[in-house]
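What follows is a set of notes on a single structure, which appears directly below.
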Amino acid sequence: MTDEQALIAASKSGDSAALDALVRTHQDRVYSFAMRMCRNVEDAKDILQDTFLGVIRSIREFREESTFSTWLYRIAANACLKKRRRGVHDPTPEQELSLDDLMPRPDAEGRKPEIPDWSGDAERALLHGELSARMESAIDKLPRDYKIVLVLRDVEGLSAEETAQAVGLSVPAVKSRLHRARVFVRRELADYLTGSQNS
Amino acid sequence: MTCRELFERLSEYVDGELSQEICQEIRKHLDGCDPCVNFAKTLKTTANLCRRLPAQPIPPAVAADLRVVLARHLSRSK
C-alpha cells in the first residue's frame, strides 16, 4: 500500500489528519488547474473549495478504480462546469474548432504552404521567459470545451483515458478535441514566432 | 495518404497512439513532404511546451481560507 493509499483509507474512516494531508498534497495542483481554467483568483478559490468539499463528501465512495488525482480532476472539472452553468465565469464562447479552418492553406497558385521548423526558436523563447505568457494567452483563447481537454492532457499530463474519465467524454472525443486545441495553440505560436498564422 | 489525411492524425502520431501500419503510411508521406515534417515537429513542440508551463502557486491566504472552510464543514458534520 502506498502512502497515498494509506491516507485515502484513513480518510475514509474519518481520520481528519489524513484528509488534511491529502488536501495539502493536492491543493497546489487543483488551484493551478482552476486558475488556468478561469484566470480569476476568486473563481479559482471557489473551485478549490468546492473540489475539496466534494472530496470530503464522497471520499467513502471513491472505489480506487482510477488514481486519486484523476478522481480529483473529475471533481474539479465538474466544479468548473458548475461555475459556468451558474454564469459566474465564462471567458470563452462555446464554439467548434474546424480542422479545415486550422489547416495551413496552399498559396494562390496552389503550392504547398511554407512551414518553417520553429521548434528551436520556441525552446529558446521559453528558456528566456518570453513564450509562457504567449502560450497562456493562446490557451485562454480556446473554446472552453477544448481548453479543459488541452489543460488536462498537455499541461497537467493526464493520459487520454484519464482525461476522458475526468471530463466524461469518450477517448476518441478527447483525442479529437485535443488535436484541434493543439493545432489552434500551435497556430498562435507560429504567428508569434514567424509572423504568419499560415506557417 | 494526403496532407489532409495526415493532418487529421498528427496528434495521435506524435503521441505514439497509432498502429504500426498507419505509422508506416505516415512516415512514407513525411519522406517526401517537408511542410508536413515541419508541421509535425512544431505540433510536437507545442505539446511539449504546454507540459513545461509553470504551475500557478496557491497564495497563502487562499490556502488558509481553504483550511477554514474544510474545518467548518468537518465540525458541522461530526
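What follows draws every value from the coordinates through simple rules; no lab data is involved. All figures in this text were calculated on a predicted structure; none of them were measured in a lab. Glycine also receives a Cβ, built like all others from the backbone with ideal geometry; neighbour counts cover every protein chain displayed.
Fully extended, how many nm does the chain gain between A:Arg39 and A:Thr2 (0.36 nm per residue separation, minus their Cα-Cα distance)? Mind showing how you got there, number by number?
Numbers: separation 37, 0.36 × 37 = 13.32 nm, distance 3.41 nm.
Value of the extension gain: 9.9 nm.
For A:Asp191, what charge total do you get from the other residues with a beta carbon under 12 Å from its beta carbon, if Lys and Arg give +1 and Asp and Glu give -1? Mind dumping the intermediate values first?
On the way: positive: A:Arg134, A:Lys141, A:Arg186, A:Arg187; negative: A:Glu188.
Residues near A:Asp191 contribute +3 overall.
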- Query: Taking chain A as a Gaussian network, Cα atoms linked when under 10 Å apart, which of A:Lys175, A:Lys12, A:Lys141 shows the biggest mean-square fluctuation?
  - Reply: A:Lys12
- Query: Using Cα atoms only, what is the angle between the long axis of helix B:3-14 and the major principal axis of chain B, expressed in degrees (0 to 90) to the nearest 10?
  - Reply: 50
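Of all the stretches in chain A, which is the longest one without any exposed loop site, taking GluC sites (Glu not before Pro) in a DSSP loop (any state but H, G, I, E, B) with at most 12 other Cβ atoms within 10 Å? Could the numbers behind the result be given before it?
Working: sites that count: A:Glu64, A:Glu65, A:Glu94, A:Glu96, A:Glu109.
It runs A:110-199.
Is the shape of the protein assembly as shown best called rounded, prolate or oblate, per the rule: a/c under 1.5 gives rounded, else a/b larger than b/c gives prolate, else oblate, with a ≥ b ≥ c the square roots of the Cα gyration tensor eigenvalues?
Verdict is prolate for the protein assembly as shown.
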- Taking springs between alpha-carbon atoms closer than 10 angstrom, which of B:Ala64, B:Ala55, B:Ala47 fluctuates most in the Gaussian network model of chain B? B:Ala64
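Within chain A, which whole H helices from DSSP have a Cα span along their axis of at least 27 Å and a mean Kyte-Doolittle hydropathy of 1.0 or more, if any?
Numbers: long enough: A:16-38 (30 Å, 0.07); A:171-194 (33 Å, -0.19).
In chain A, no H run is both long and hydrophobic enough.
Tell me, rounded to the nearest percent, the portion of alpha carbon pairs in the range B:3-76 spaced more than 15 Å apart. Present the calculation step by step, with values, prior to reporting the outcome.
Working: 1794 of 2701 pairs.
Cα-Cα pairs in the range B:3-76 separated by more than 15 Å: 66 percent.
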- Query: Taking only pairs that are 8 or more places apart or on different chains, how many Lys pairs in the protein assembly as shown have Cα atoms under 20 angstrom apart?
  - Reply: 17
- Message: Please compute the modelled spin-label separation between A:Leu127 and B:Val37, points set 7 Å along Cα→Cβ, answer in nm with one decimal.
- Response: 2.4
- Isolated Cys in chain B, by beta carbon distance under 4.7 Å: B:Cys3, B:Cys23, B:Cys50
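Run the helix sum for chain A: -39,500 (n - 2.57) per DSSP H stretch of 4+ residues, divided by residue count, reported at 222 nm to the nearest 500 deg cm²/dmol.
When only DSSP H runs of four or more count, the value is -21000 deg cm²/dmol.
First select every other residue whose beta carbon is under 15 angstrom from the beta carbon of A:Leu99; then total the charges, Lys and Arg +1, Asp and Glu -1. Working shown, then result.
Values: positive: A:Arg105, A:Lys175, A:Arg177, A:Arg180, A:Arg182, A:Arg186, A:Arg187, B:Arg4, B:Arg9; negative: A:Glu96, A:Asp100, A:Asp101, B:Glu5, B:Glu8, B:Glu12.
Value of the local net charge: +3.
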